[in-house]
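To keep things clear, I will list the structure first and then write my remarks on it.
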Amino acid sequence: MLGFLIGEAVRDLRRAGRVAVSAVVLITLSLAALGGFWLLSLNLERAVARWRERVRVIVYLKREPAPSEAKALVERVREVPGVAGVLYISKTDALVSLKQLLGKDASVVAQLPANPLPASLEVTPAAAAATPEGARALLERLSALPEADEVAGSVDWVERLSQWQRLLTTIGLGIGVVLAVAALLTVTTATTLILHARRQETEIMRLVGASEMTIRLPLLLQGMLQGLTGAVIALAALVATHSVVAPRLEPLVNITLDLPQLAFLSPINVLALVLAGALLGGLGGWLARAKA
Amino acid sequence: MPAMIEVVRVWKVYSVGPVKVPALSDVCLRITKGEFVVLTGPSGAGKTTLLRLLYRDDLPTEGDIQVLGYDLGRLRQGEVAALRRSIGVVFQDAKLLPVRTVYENVAFVLRVLGTPRREITQRVFDALRVVGLSSRAQAYPAQLSQGEAQRASLARAIVRKPPLLLADEPTGNLDQAMEAEILDVLRDIWAGGTTVVLATHRADLARMLRRRTITLGSGRVVKDEG
């Protein structure tokens, strides 16, 4: 029976001809737009997550504490709300880091009359403090420490990146939804044409006592077939575009966003896109089927 | 004999604007299993209306109808489908699907009802044999004569082996030779145990068949003889 219903759905699609092709094209475009923006958003989200993990607030100290004082200070700062971790960097440690940073030019440091670098605390903010508001509050709390000379660090730009990512998601969803509505209307039109073309079959089916499900299921199935076809084409286009574009963009995003690779959609994302296509097509068929 | 069809004081009134037009007025009749009944009367007498009520394409304005044990006034959607699975219907227009062959047209009925594929071929060819159309199984409706198209329509109606066959002017578009062929097929189907109700406006056809004849006139049963 299922074979018969699917066969009828395919026959109906052939009947709908160009309108069905238009519906498939629109579903493809809407899902490709949605998937494309999803890909961008996904990779930006990865960059934001990486950068959030790397956010540090540096508290430069007025003077270098004695080792016992430094230990006590670290313990005290660890108790400050919004602090996940604290690392004490002595003046010597700071100078070693500078030398490592300078590499072959490290000999410049030797010409300095004294170590000019201050001792500092490298503070890792807790997740709650990794927002602009949270970071500002943390900075205020750390600035209030009597030992603090200057506090540096901000999550503003990470947040701006995050805002871009949200904006891209919204734009993608907006374009996807507009195209999806157009696709839905086209599937409904295609199904209405099919309904007209198969009115004789419908009449015979009713006359011989076919169940309403048997009469209406092919309409739903042909809509779903249009949706699935559109989804598969959209995914194929996304895979092809990703495989061509990603290797060329990766050096750039590695430098700018510190992302070594541009990831593709996860299997669950892919499944969601395919289901969205089937749902879109099925819904179009379902809306038109009310006239059956 | 048990009643296959029982029509009790049935009225069917159509409203045309403010005007009420009675198509059937106080019709009573009883048809038992195994009968061959000719329903005759002039055009507009109510034959088609009565047949439509019998396969529950429409409901009476008043009165009760029982067909094959179903009380047609109280059927739910699923029961209407069940009733129709037990009734074969043919019309003046063969109503064949133009893009399917004769075989596919007949098989279509079995396929929509979920008949196993292995049974379909056998049953379709059995039905085509009864109507004498086995050799035309692969022909499309456009390639058939009107008589052949009507025989294909009959094959489609009987392929489910329904206990009741309703035929509404099945010879209306046919010449005399083709008409005789169709009547022969109907007689064969009846001889196989199917109850047949044949509606025709041709009184001479009713006389020729020499079966029970119910004559309608202006929506009323005016004669029931034979």
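Chains A and B: buried accessible surface, both sides, probe 1.4 Å, rounded to 100 Å²?
So the buried area, both faces added, is about 1700 Å².
Residue separation times 0.36 nm, minus the C-alpha to C-alpha distance between A:Gln200 and A:Glu133: what's the value?
17.4 nm
What average number of partner chain Cβ atoms lie no more than 10 Å from the Cβ of the residues making up B:74-82?
Mean partner shielding for this stretch: 2.
Would you tell me the mean number of C-beta atoms belonging to other protein chains that fall within 10 Å of each C-beta in B:110-117, as a whole number?
For peptide B:110-117, the averaged partner shielding equals 6.
Please give the average number of partner chain Cβ atoms lying within 10 Å of the Cβ of each residue in A:214-220, rounded to a whole number.
Per residue, the number of nearby Cβ atoms from other chains is 1 on average.
In whole Hz and in residue order, list the ³J(HN,Hα) couplings for the range B:166-180 that follow from phi through the Karplus curve 6.51 cos²θ - 1.76 cosθ + 1.60, θ = phi - 60°; x for Gly and Pro.
Result, rounded to whole Hz: 10, 10, 9, 6, x, 10, x, 9, 10, 7, 4, 5, 5, 4, 4.
How much accessible area per residue does the range A:56-154 have, in Å², with a 1.4 Å probe?
Ligands and nucleic acids excluded, the figure is 59 Å² per residue.
Could you state the number of Å between the C-alpha centres of the range B:1-71 and the range B:207-223?
Centre-to-centre (Cα) distance: 13 Å.
Please compute the length gained on full extension between A:Val108 and A:Thr170, using 0.36 nm multiplied by the number of residues separating them and subtracting their Cα-Cα distance.
Roughly 17.3 nm would be gained on extension.
For the range B:33-46, what does the Karplus curve 6.51 cos²θ - 1.76 cosθ + 1.60, with θ = phi - 60°, yield as ³J(HN,Hα) per residue in whole Hz, taken in order and with x for Gly and Pro?
Coupling constants for the range B:33-46: 4, x, 7, 10, 10, 9, 9, 10, x, x, 4, x, 6, x Hz.
For the residue pair A:Arg76 and B:Lys161, what label-to-label distance in nm results when each label sits 7 Å from Cα along the Cα-to-beta-carbon direction?
About 9.9 nm, to one decimal.
Please give the FRET efficiency for A:Asp149 paired with A:Thr124, using the beta carbon to beta carbon distance and R0 = 22 Å, rounded to the nearest 0.05.
0.65
Sequence gap of 8 or more, or different chains, plus Cα separation below 18 Å: how many lysine pairs satisfy both in chain A?
4
When the Cα centres of the range A:77-120 and the range A:8-30 are compared, how far apart do they sit, in Å?
Measuring centre to centre over Cα atoms gives 66 Å.
Based solely on its DSSP helices, what 222 nm [θ] is calculated for chain A when runs of n ≥ 4 H residues each add -39,500 (n - 2.57) and the sum is averaged over all residues, nearest 500 deg cm²/dmol?
-25000 deg cm²/dmol
Could you sort B:12-18, A:279-285 so that the peptide with the highest average Cβ count within 10 Å comes first and the rest follow in order?
A:279-285, B:12-18
Once you keep just the Cα pairs under 8 angstrom separated by 6 or more residues, what percentage relative contact order results for the range A:56-154?
In percent, rounded to a whole number, it is 47.
For chain A, what does the relative contact order come out to in percent, with C-alpha contacts under 8 Å and a separation of six or more?
32
If I take every Cα pair under 8 Å that is 6 or more residues apart in chain B, average their sequence separation and divide by the length, what percent do I get for the relative contact order?
Once divided by the residue count of chain B, the mean separation gives 29 percent.
Run the accessible area of the protein assembly as shown with a 1.4 Å probe and give the carbon-and-sulfur part as a rounded percent.
60
Which of the peptides B:125-131, B:83-89 is most tightly packed, and how do the rest follow, going by the mean number of other Cβ atoms within 10 Å of each residue?
Per-residue Cβ counts within 10 Å, averaged per peptide and sorted highest first, yield B:83-89, B:125-131.
Over the alpha-carbon set of the range A:56-154, divide Rg by the Kirkwood Rh and report the Rg/Rh ratio to two decimals.
Using Cα coordinates only, the ratio equals 1.02.
Work out which helices of chain A, taken as complete DSSP H runs, extend at least 30 Å along their axis over the Cα atoms and score a mean Kyte-Doolittle of -1.0 or more, then list them.
A:18-54, A:156-197, A:212-256, A:267-289
The values are calculated or read from the model by the stated rules, or taken from the named source; none is laboratory data. Treat the numbers as computed from the prediction; the structure is a model and nothing was measured. Here Cβ is always computed from backbone atoms with ideal geometry, including for glycine, and neighbour counts include all displayed protein chains. Note: areas computed on protein heavy atoms with side chains; ligands, DNA, RNA excluded. Shrake-Rupley method; radii C 1.70, N 1.55, O 1.52, S 1.80 Å.
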